[in-house]
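Reading through the structure tokens given below for one structure.
The values are calculated or read from the model by the stated rules, or taken from the named source; none is laboratory data. Note that the structure is a prediction, hence the values are computed from the model and not measured. Neighbour counts run over all protein chains shown; Cβ positions are idealised from the backbone, glycine included. Ligands, DNA and RNA are excluded from the accessible area calculation, which covers all protein heavy atoms including side chains. Shrake-Rupley method; radii C 1.70, N 1.55, O 1.52, S 1.80 Å.
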Amino acid sequence: MSVLLPIDPSAALPQRVLLVENSRAYVQALAEAIEQQLELPVVVASTLAEARALLDRHDDWFLAITGLVLADGDRNTVVDCFLERGLSTVVVTGVYDEDLRARMMRRRVIDFVLKSTPGSLDYIVWLVKRLERNRRISALVVDDSPSARMHTAGLLETFGYRVVQAADGDAALHVLERDPTIRLAMIDQEMPGMQGVELTRRLRALRARDRVAVIGVSGRDDADLVARFLKSGANDFLRKPYSREEFFCRVSQNVDQLELIGSLQDLATRDFLTGLPNRRHFLEQAERLVPQMRAAQRPLAMAMLDIDHFKRINDSWGHEAGDHALRAVAGALSAHMRREDLVARFGGEEFCLLAPDLDEDALPAYFEALRARIEAMCVQTPVGEVRMTVSIGVRTAAPEDDLHGLLGDADRRLYLAKAGGRNQVVSAG
């Protein structure tokens with residue numbers, strides 16, 4: 001078993017894309033598409049000498065996309081230039097040659113793309129996006145055969161994934177419990193002890209389908225095995241031996257599906273403008289948390305927060321400035337909240353915060369610090385600097401309180417804060 005430290009999602013990764021091609025029109029179209037859609041920097045070279053000079057000048061290269069027809073290098077020399085430096089390489093060509101394609105794929109290039117194919121530009125942009133995102137994804141390979149395990153791991157690493165290996169089911173479950181960045185698991189069926197179908201069933205008790213994609217693998221000619229894997233929680237199945245291209249397509253399709261599900265979940269649970277959880281998600285979480293805290297007799301505070309004179313900001317500065325103000329308050333809330341707090345945009349200029357385990361001695365200072373943080377902000381907008389204040393109403397939960405009562409009392413105290421002159425915290429009355 002090999003175990004790596006979990007990925008740090010904030011860690012900086014190389015971003016620069018090298019595009020080597022002698023067709024100016026193609027270079028311009030592809031470079032613009034990558035820069036505009038993916039916001040990755042693209043550097044262009046038209047000869048191998050230019051490409052080598054650029055590679056020597058910078059050390060933050062992520063990917064090379066290269067044609068094979070250059071004035072100063074044959075096909076093998078061109079590909080060697082990038083592969084020998086360990087740089088992920090995509091080959092683009094204007095002429096399809098099956099023998100050339102097979103030779104290039106054996107060289108471990110990422111892909112061999114025909115430029116004249118309809119949609120090839122969109123495909124390359126998708127491919128670059130997929131490869132860039134793969135670097136933040138861990139993949140688990142489970143196989144008792146060291147050679148088979150290394151083969152699968154090598155393919156995944158070629159496509160940018162960070163790979164963790166396990167030789168049996170118990171080791172795989174141990175890795176999953178420790179590494180939350182694993183989003184993909186390749187599970188072989190024929191293993192001693194716990195076979196692949198059983199491992200898939202146990203994995204699903206730890207990670208749901210929207211968290212980890214599972215692909216079952218087997219070399220057995222068993223018509224029922226695919227159904228058994230799928231019924232046990234697998235997303236897909238690959239039968240050995242498989243080609244590199246089938247492998248990449250299946251893996252990419254499943255990871256794309258995971259990301260699509262994540263995007264849909266975000267749309268359902270997050271406020272589009274501020275990125276905070278929305279009212280619906282907040283209420284769903286709070287409905288579970290409030291009874292738990294009440295049963296355990298642990299302190300709990302509910303706060304409603306409203307931007308003072310927000311209509312005046314919109315009327316005087318415009319709705320775009322108002323949007324900047326809302327995002328700034330959301331950022332202040334996110335920076336101020338503790339890990340255990342729940343926060344949401346409740347609607348309009350109103351926000352809500354649920355703070356567990358905040359005792360009455362600490363409560364005034366906690367919310368006063370939040371109020372002061374927002375008052376001190378100077379928000380830069382396209383029409384100038386905007387400053388604002390907030391009013392906050394806070395209700396500490398009593399043993400008999402339910403969520404509806406907490407929200408109602410916090411909202412009433414918010415009204416008292418606004419009626420009393422705004423820019424203040426009211427936690428009594």
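Points to keep in mind about this one:
- Whichever residue in region 407-424 is over 34 Å from the mean Cα position of the chain (by Cα), of a type in the set (A, V, I, L, M, F, W, C) and open to solvent by less than 40 Å² (accessible area, probe 1.4 Å) and, among such residues, is nearest to Ala355 (Cα to Cα): Ala410
- Search result, residues across region 294-316 that are surrounded by fewer than 19 Cβ atoms within 10 Å (Cβ to Cβ) and in contact (Cβ under 8 Å) with a residue 12 or more places away in the chain: Arg294, Gln297, Arg298, Pro299, His309, Phe310
- Arg183 vs. criteria touching an Asp or Glu at 6+ places or on another chain (Cβ under 7 Å), buried (at least 18 other Cβ atoms within 10 Å of the Cβ), not hydrophobic (A, V, I, L, M, F, W, C) and not in a loop (DSSP other than H, G, I, E, B): no
- Selection of region 196-254 for residues being among the β-branched types (Val, Ile, Thr), touching a helix residue (DSSP H, G or I) at 6+ places or on another chain (Cβ under 8 Å) and more than 18 Å from Gly169 (Cβ to Cβ) yields only Val251.
- The set of residues from region 413-429 being part of a loop (DSSP other than H, G, I, E, B) and touching a Pro at 6+ places or on another chain (Cβ under 8 Å) comprises just one member, Ser427.
- Consider region 366-393 and keep the residues that are open to solvent by less than 10 Å² (accessible area, probe 1.4 Å) and in a strand (DSSP E or B). The one that is farthest from Glu340 (Cα to Cα) is Val386.
- Residue under evaluation Gly322, criteria (1) open to solvent by less than 40 Å² (accessible area, probe 1.4 Å); (2) part of a helix (DSSP H, G or I); (3) closer than 23 Å to Leu416 by Cα, criterion not met: (3)
- Criterion: surrounded by 16 or more Cβ atoms within 10 Å (Cβ to Cβ) and within 30 Å of Ala139 (Cα to Cα) - qualifying residue of Ile215, Ile261: Ile215
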